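Computed from the coordinates by the stated procedures, all read-outs in this text should not be read as laboratory data. Just so it is clear, the model here is predicted, and its values are computed rather than measured. Virtual Cβ from ideal backbone geometry, glycine too; neighbours counted across all protein chains shown.
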Amino acid sequence: MSSPTPTPTPHIQEPNLSGRVALVTGGSRGLGRAIVHRLCRSGAHVLVNYQRNETAAQQVVEEVADTAGTATAIRADVSSPDEVRSLLDTVAQQHGRLDIFIHNAATFRPMEAANVDLDVFYAEQALALNPLLVGAPQLAKLMEGGGRIIAISGNGASEVVPGYVAPGVAKAALEALVRYLAVEFAPRGISVNAVATAMLDKDDDPRRGHMRDLMTMLAARTPAGHLSRPDDVANAVVWLCGPATDWIHGQVVLADGGLGLRA
Ligand SMILES: NC(=O)c1ccc[n+]([C@@H]2O[C@H](COP(=O)([O-])OP(=O)(O)OC[C@H]3O[C@@H](n4cnc5c(N)ncnc54)[C@H](OP(=O)(O)O)[C@@H]3O)[C@@H](O)[C@H]2O)c1
């Protein structure tokens, strides 16, 4: 089932990103797709990374055809160091530079901390960390004129979300890596930040059926009135890509409608 096309939020002023080249890992679905839409509406050329589902990635490319920006799909398993290097080599060959890098791809397999599947656990670490860790030297070269790197994190990095130990620990490490890279990259004119969110309400989410009660409870607890939607979070991500945020480095911006404020 395809999701409705994200629509512009009337009170949001789109930053002008025309001429910018952006790469979004996991841009074919969910939050990544919403980020691709927002970047394209701001005029960017966006490389839509995916791992398995080329049809979904191509569909996103078609969806943004009537925006100010453009998009192309690009396959790579960004948990693999070799594929990260080759993805960024391709960006260098095709575009010669990268202005915006959003690392959004992640997976989620529920498990308990005292009974982890180690293969899944370490695979999640590799997926969270390798795009920034392995990719850092190439990103530094691709962003010689300055740039923005934004990692997507989740409330499970700093709170205990049942079953979320693998991505939670991976996102905590990713947030630490964001701070280290931010210090090293700031003198180059590259800002590195994270945007974290809580449980997303996605139209195409297979969890929607069996997690309905949890989603209803979390929506009721969210001060802003509903669960975080991909568009709500994409707005924060694209705000960090704009010129007003030049002075923000190494921060985790929590875009969760205030849910994390509740005791
Ligand atoms: N969903 C939530 O409730 C929630 C809550 C807090 C934080 N977050 C964070 O928000 C971000 C987006 O989550 P989402 O739920 O929107 O994701 P999603 O709908 O599950 O989509 C995941 C995307 O990542 C891609 N992907 C997965 N493994 C990959 C790999 N090894 N290499 C390249 N691409 C890969 C998928 O591509 P293919 O389909 O081609 O495999 C897909 O485009 C994640 O960082 C997640 O941790 C989500």
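Sort out which residues of segment 91-121 are in a loop (DSSP other than H, G, I, E, B), under 21 Å from the mean Cα position of the chain (by Cα) and either within 12 Å of the ligand (Cβ to nearest atom) or not hydrophobic (A, V, I, L, M, F, W, C) (or both), and write them in order of number.
ARG97, ASP99, ASN104, ALA105, ALA106, THR107, PHE108, ARG109, PRO110
Residue by residue, here is whether (1) assigned to a strand (DSSP E or B); (2) surrounded by fewer than 17 Cβ atoms within 10 Å (Cβ to Cβ); (3) free of Cβ contacts under 8 Å to residues at least 24 places away in the same chain holds:
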position: GLN59; (1), (2), (3): no, no, no
position: ALA73; (1), (2), (3): yes, no, no
position: SER86; (1), (2), (3): no, yes, yes
position: ALA123; (1), (2), (3): no, yes, no
position: PRO131; (1), (2), (3): no, no, no
position: LYS141; (1), (2), (3): no, yes, no
position: ALA151; (1), (2), (3): yes, no, no
position: VAL160; (1), (2), (3): no, yes, yes
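Looking at VAL46, is it within 9 Å of the ligand (Cβ to nearest atom), closer than 20 Å to LYS141 by Cα and touching a strand residue (DSSP E or B) at 6+ places or on another chain (Cβ under 9 Å)? Steps first, please.
Working: within 9 Å of the ligand (Cβ to nearest atom): no; closer than 20 Å to LYS141 by Cα: yes; touching a strand residue (DSSP E or B) at 6+ places or on another chain (Cβ under 9 Å): yes.
No; evaluated as a whole, the condition is false for this residue.
Which condition does ASN115 not pass, out of (1) buried (at least 16 other Cβ atoms within 10 Å of the Cβ); (2) out of contact with any Gly (no Cβ under 7 Å at 6 or more places or on another chain), if it passes all the others?
(1)
Output yes when any residue across segment 124-136 is closer than 13 Å to PHE185 by Cα and more than 16 Å from the ligand (Cβ to nearest atom), and no when none is.
The answer is yes, given that some residue of segment 124-136 is closer than 13 Å to PHE185 by Cα and more than 16 Å from the ligand (Cβ to nearest atom).
May I ask you to verify whether LEU177 is in contact (Cβ under 8 Å) with a residue 40 or more places away in the chain, more than 21 Å from GLU112 (Cα to Cα) and not hydroxyl-bearing (Ser, Thr, Tyr)?
Here the answer is yes, as LEU177 does meet what is asked.
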